[in-house]
């Protein structure tokens, strides 16, 4: 796996997260992991917990909307916070919040910016704590899940999401495929997509040329394009750029949708724990 903190997109948080990782990796005290009982909170805590668990560092997990009252701790702040990571030492107190960073540059050299979410930063922190974590490796495709949940994809192109997706693809952690190449995709969260039409396209996909595939995908996506929901940026990821981890049958967007359903049937803190436990056990939800 690529060392995340060495990537340019992490340049503004590199020093803070690197220092925090060093302090946490050498901690002899139990580390508190605290986040709101939300899907974002669960997805951010999971990679940190994976690294601590595999390295044998004592920790405890808490899903509550409160400020931490013990140290050392890692506090995952909500998506509305955009102050970036902050670190106090002796004892170690790390807060992780979204920060807007440069993701890519356009053809004219103009900066394209997007959110570096707590989930992304948590993966970078976790890798720095214990790069050899097998659990962390299994959940690597979830690196982009915070950006998927972020509202940036509802309004415009998210260059950070694209940068991270391409990084995962280049290192072999994921495959990026169009939806007809997903085995048995769940489309319950895509009400505008005709199931029978998708099955028909999938059945003859391997026999189609590139022009035919492009036309077929455009026809499948047409109901969403005419209604304006979802956004064009998100629609492109749902139809043309489905993310599949190693040995996954369900793509990342489907798993995120399925994970969100736990909050409809369980108390919030229990739903968050179910998601974290599933990621730690299987690397999937």
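The values are calculated or read from the model by the stated rules, or taken from the named source; none is laboratory data. All values derive from a computational prediction rather than experimental measurement. Counting neighbours? That spans all protein chains shown, and the Cβs are built from the backbone with ideal geometry, glycine included.
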What's the number of the condition residue 211 fails, among (1) closer than 27 Å to residue 155 by Cβ; (2) surrounded by fewer than 17 Cβ atoms within 10 Å (Cβ to Cβ)?
-> (1)
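This table checks each residue for (1) assigned to a loop (DSSP other than H, G, I, E, B); (2) on the phi > 0 side of the Ramachandran plot; (3) surrounded by fewer than 16 Cβ atoms within 10 Å (Cβ to Cβ); (4) more than 18 Å from the chain's Cα centre (by Cα).
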{"site": "20", "(1), (2), (3), (4)": "no, no, no, yes"}
{"site": "27", "(1), (2), (3), (4)": "yes, no, no, yes"}
{"site": "42", "(1), (2), (3), (4)": "no, no, no, no"}
{"site": "45", "(1), (2), (3), (4)": "no, no, no, no"}
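Here's the yes/no breakdown for (1) touching a helix residue (DSSP H, G or I) at 6+ places or on another chain (Cβ under 6 Å); (2) modelled with pLDDT under 95:
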| site | (1), (2) |
| --- | --- |
| 105 | no, yes |
| 112 | yes, yes |
| 139 | yes, no |
| 145 | yes, no |
| 176 | yes, no |
(1) more than 16 Å from residue 135 (Cα to Cα); (2) modelled with pLDDT of 95 or more; (3) in contact with a strand residue (DSSP E or B) (Cβ under 6 Å, 6 or more places away or on another chain) all hold for residue 15 apart from (3)
Answer yes or no as to whether residue 125 is surrounded by 24 or more Cβ atoms within 10 Å (Cβ to Cβ), closer than 30 Å to residue 249 by Cβ and out of contact with any strand residue (DSSP E or B) (no Cβ under 6 Å at 6 or more places or on another chain).
-> yes
Helices (runs of 4 or more DSSP H) contained in segment 218-285 and holding at least 1 residues at pLDDT 95 or above, surrounded by fewer than 18 Cβ atoms within 10 Å (Cβ to Cβ) and under 15 Å from the mean Cα position of the chain (by Cα) = 252-260
Okay, helices (runs of 4 or more DSSP H) sitting entirely in segment 109-214 with 3 or more residues that are within 26 Å of residue 84 (Cβ to Cβ) and without any contact (Cβ under 8 Å) to a residue 60 or more places away in the chain, I get 159-170
